[in-house]
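The values are calculated or read from the model by the stated rules, or taken from the named source; none is laboratory data. Bear in mind the structure is a predicted one, so any value in this text is a computation, not a measurement. Here Cβ is always computed from backbone atoms with ideal geometry, including for glycine, and neighbour counts include all displayed protein chains. Note: accessible area is taken over every heavy atom of the protein model, side chains too, but ligands, DNA and RNA are not part of it. Shrake-Rupley method; radii C 1.70, N 1.55, O 1.52, S 1.80 Å.
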Amino acid sequence: YKNLKEKRFVNQKEVFGKIFLIKDHLKPFDWKLTSETKKIGNYTCYKAYFNKKIKRTIVTEVDGVSQKVQKNEILKTIAWYTPEIAINTGPGKYHGLPGLILEVNDGNTIVLCTELIVNPSKNIEIKEPKNGKKVSANEFRSIYRDKMKEMKEMKVRSKKTRFNVR
């Protein structure tokens with residue numbers, strides 16, 4: 001759920017049987033607009049992009065020893081938006097362009113609109129989720145990382161136990 005006027009979002013996610021209500025502010029993107037166009041369905045779309053500095057951890061194994069190396073990288077996110085639909089939103093967290101975003105490629109995932117129904121015969125009401133433990137996006141990422149680490153450790157302990165049984 002996104003509220004563009006109040007610049008906030010709410011996302012309900014279930015992790016390991018527990019429901020979380022992630023509430024946070026929509027962060028602005030430093031979009032660079034281009035004149036490059038392409039057609040998505042019947043709409044003329046314009047290309048926009050922004051770059052984000054990220055740290056990527058690469059894990060390698062040499063002679064049975066695990067090594068982690070952190071690299072600084074530039075992640076380029078490309079969006080295609082149509083000013084023919086004057087709504088400045090798009091899939092997921094993306095927003096802030098002068099039209100509806102119909103395609104986004106963040107380097108890992110591509111989201112492409114395959115069908116768009118303008119002025120549907122039935123009104124669709126989008127309701128803000130209300131159930132779950134309220135956390136910020138950063139708190140949720142931390143909880144999720146801890147749970148994944150815990151699961152990994154449980155898996156390693158399980159393997160050790162199996163190998164030690166005679």
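When the solvent-accessible area of the chain is split by element, carbon and sulfur atoms take up 51 percent of it, the probe being 1.4 Å. Please compute the per residue accessible area over the chain with all protein chains in place, 1.4 Å probe, rounded to a whole number of Å². That works out to 78 Å² for each residue.
The Cβ shell under 15 Å around Gly41 holds other residues with a net charge of -1, Lys and Arg each +1, Asp and Glu each -1. For P(r) over Cα pairs in 10 Å bins from 0, in percent, the value calculated from this model appears in (1) 8, 25, 29, 21, 11, 4, 1; (2) 8, 22, 17, 9, 7, 7, 9, 10, 8, 3, 0; (3) 10, 38, 36, 15, 2 under label (1). Computed from Cα atoms, the angle from the helix 137-164 axis to the main principal axis of the chain rounds to 30 degrees. Shown in residue order for segment 103-119 are the 3J(HN,Hα) couplings computed by the Karplus curve 6.51 cos²θ - 1.76 cosθ + 1.60 at θ = phi - 60°: 8, 9, 10, 9, x, 10, 9, 10, 10, 10, 6, 9, 8, 9, 10, 9, 6 Hz (x for Gly and Pro).
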